[in-house]
Amino acid sequence: DRGVSFDELGVYRLLAQVDDVEGVERFAKDWLGRLIDYDNRRRSDLVLTLSRYLESGGNYEAAAAELSMHRSTVKYRVQRIKEISGHDLADPDTRFNLQLATRVWYTLLAVGRHDAAAPSTAQ
């Protein structure tokens, strides 16, 4: 495994230069808040499912393989994600923001932002 150079980060280079970590966290919670709350209450993995679904370009089979589950389970979860979040996953801007939010979210958790796991105030 080789590291990734700063130049290879693409749009994520912008995040590395942000001083307002709380603002970045708010962005993630604004987009994912309902799913984060649902996952915390139900001990489910809808944010992870959304992340893998988006990373696979919306391909149920590829997401299912990444998550080690059946395609129909991923399809059901994506439907629940749409219902709970209220987001239109057919909209490219929405998909972009959600993909960025999931990456931000997991990065915050990885660097020990324990308050990132707290329930959100999102509607």
Inset, instruction - Could you list, in sequence order, all residues of region 56-86 that are in contact (Cβ under 8 Å) with a residue 24 or more places away in the chain and at negative phi? - result: VAL74, ARG77, VAL78, ARG80, ILE81, ILE84, SER85
Legend entry - Filtered residue count, region 72-96, keeping only those that are surrounded by fewer than 17 Cβ atoms within 10 Å (Cβ to Cβ) and in a helix (DSSP H, G or I): 13
Inset, instruction - Residue by residue through region 36-71, note down the ones that are surrounded by 14 or more Cβ atoms within 10 Å (Cβ to Cβ) and not in a helix (DSSP H, G or I). - result: SER44, ASP45, SER56, ASN59, MET69
Inset, instruction - Go through the residues of region 6-18 one by one and say whether even a single one is of a type in the set (A, V, I, L, M), modelled with pLDDT under 85 and surrounded by 14 or more Cβ atoms within 10 Å (Cβ to Cβ). - result: yes
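The values are calculated or read from the model by the stated rules, or taken from the named source; none is laboratory data. As the structure is a prediction and not an experimental result, all values here were calculated from the model. Counting neighbours? That spans all protein chains shown, and the Cβs are built from the backbone with ideal geometry, glycine included.
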